[in-house]
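Below is one structure, written out as structure tokens; comments come after it.
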Amino acid sequence: MISRSTKWQWWVSGLLLLATMINYMDRQTLSNLSVRITERFQLTNQQYGNLEFLFGVAFAFGSLFFGFLADRVSVRLLYPVVLVSWSAVGFLTGFTQGYQSLMICRGLLGFFEAGHWPCALIVTQAVMARGDRVMGNSLLQSGASLGAIITPLVIGIMVTGNTHGDAWRMPFFVIGSIGVLWSIAWLVIMQPADLPNPRQLQQVNSSSPLRSHTQVQAARWFVDTIRDRRFWALACMVICLNTSWQLVRAWLPKFLQEGRSYTEVEALYFNSAFFVATDVGCIVAGLATLWLTHRGWRIHQSRAAVYVACSMLAALTTLAAVLPQGWPLVITLLLVGAGLLGVFPCYYSFAQEMPSLSMGRMTGMLSFIGWIASSPTQSLFGVVIDQTHSYDLGLAVVGWSPLVGFILFYALWPTENRHSRAVAADGRDLPLQES
């Protein structure tokens, strides 16, 4: 990578924030219109859960595919191709005519959206100093909140008061058209020399007696990875935090309207407020980690403390499950949102402690595991609702998942890695050598 100013690095973080925003706008359009769409096509809650289940499975395989691809081709070119692809699928969703076509579009959306994360994490690792990465990852992840904040407002403008059965289609057309603009901006700001070329890195390091993971054959790399306790620690964590976040993200609008009798307009506005809270939680998590680090805490220790604090907020879903419509429920759900998204920057930073030249493959494998393991809970959640005619049981349980993930993570993560400070003078990681 060529030498760039710190200011430029933060501009890149802003561009990644916008990519995540678009990612979530396309993803959240369905959930914000879920009541209209399920009524229009007469879908059960289990069928709606199946849509999210297929999205998750496709996302898992997309994570694996794009994770490996991102380590072999230029992310500068791969990233905009991926983003335009998922935007096109979002646009086409507006043309669907029933359950089957919705399933196809939802699956393709999940597959292409998965490419965002390995590309984005490779970029943050390449341009950000190690001590700044939680903050950089907070900006990256906060784009999810920003997208989810904007989406209900955009949808509200287009559908509020419109009782036509196909009024839900226009938001898909409008939101699905945004990705092209981002891709143009990306190609202008990011020059070929700004990101390391995977093949060039392999050539540079091929003569080194201590080769990186990109020089190890695929089979050897896979064996080394699954034997690494850190990988399984991260796998446990991502399964748990992904389960809680994706369930709340997908079902919150239906919970508000069908579980607590809020109107569509009230649910849309609250959904925006909820994701404002998640954005605040995400940014505060980054700032808190920086503050603790500057106060003398070890980097790993500060991340762990912030993760646990956010997990306790997420666990307030148990309280939300017994509260009726009203301000106590609203405030509790806002705190839950802050906690649910606040754990993600910490997880990303833990993941970036793994060997740097295999980040695409590593995050792809972890994302695959997280989505494959957590996606079946979407259909299960729908089944429970159809059988109990209530959202309360599932909501009460789901918020404890991030804390369970941390307990498993802490039990598996090697003690010596909790105290590592192997950083260069400029704050970036020193090269990780093959063990």
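The values are calculated or read from the model by the stated rules, or taken from the named source; none is laboratory data. Treat the numbers as computed from the prediction; the structure is a model and nothing was measured. Neighbour counts run over all protein chains shown; Cβ positions are idealised from the backbone, glycine included. Heads up: the accessible areas ignore ligands, DNA and RNA and are worked out on the full protein's heavy atoms, side chains in. Shrake-Rupley method; radii C 1.70, N 1.55, O 1.52, S 1.80 Å.
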> Which ³J(HN,Hα) values, rounded to whole Hz and listed in residue order, are derived for segment 36-41 from phi using the Karplus coefficients 6.51, -1.76 and 1.60 in 6.51 cos²θ - 1.76 cosθ + 1.60 with θ = phi - 60°, glycine and proline given as x?
Replying inline: 4, 5, 5, 6, 5, 9
> With r defined as the distance between the Cβ atoms of Thr160 and Leu77 and R0 fixed at 45 Å, what FRET efficiency is calculated, to the nearest 0.05?
Replying inline: 0.65
>> Rolling a 1.4 angstrom probe over the protein chains, ignoring ligands and nucleic acids, what is the accessible area of Tyr347 in square angstrom, nearest 10?
In response: 20 Å²
> Does segment 269-357 come out rounded, prolate or oblate by the C-alpha gyration tensor, with a ≥ b ≥ c the root eigenvalues, rounded set by a/c under 1.5 and, if not, prolate when a/b is larger than b/c and oblate if not?
Replying inline: prolate
>> Based only on Cα atoms, what mean projected area does the convex hull of the chain have, in nm²?
In response: 19.7 nm²
>> Please report the carbon-and-sulfur percent of the accessible area for the chain; probe 1.4 Å, protein heavy atoms only, DNA, RNA and ligands left out.
In response: 67 percent
>> Using amide H atoms built in the peptide plane, which far-off residues or other-chain residues are under 5 Å from Leu316 H to H?
In response: none
> Where the eigenvalues come from the Cα gyration tensor of segment 41-187, what are the semi-axes √(5λ) of the equivalent ellipsoid, largest first, in whole Å?
Replying inline: 30, 18, 14
> What list of ³J(HN,Hα) couplings, whole Hz, do you get for segment 109-119 from phi and the Karplus terms 6.51, -1.76, 1.60, once you set θ to phi - 60° and write x for glycine and proline?
Replying inline: 4, x, 4, 6, 5, 4, x, 4, 6, x, 5
> Taking θ as phi - 60°, what are the ³J(HN,Hα) couplings along segment 293-309 by the Karplus curve (6.51, -1.76, 1.60), each to the nearest whole Hz, with x for Gly and Pro?
Replying inline: 5, 5, 7, x, 5, 5, 4, 4, 4, 5, 5, 5, 5, 5, 4, 5, 4
> For Trp232, Trp291, what's the largest-to-smallest order of accessible area, 1.4 Å probe?
Replying inline: Trp291, Trp232
>> Taking the solvent-accessible surface of protein heavy atoms with a 1.4 Å probe, what is the per residue accessible area of the chain in Å²?
In response: 40 Å²
> Of Arg220, Arg76, Arg298, which has the largest mean-square fluctuation in a 10 Å C-alpha GNM of the chain?
Replying inline: Arg220
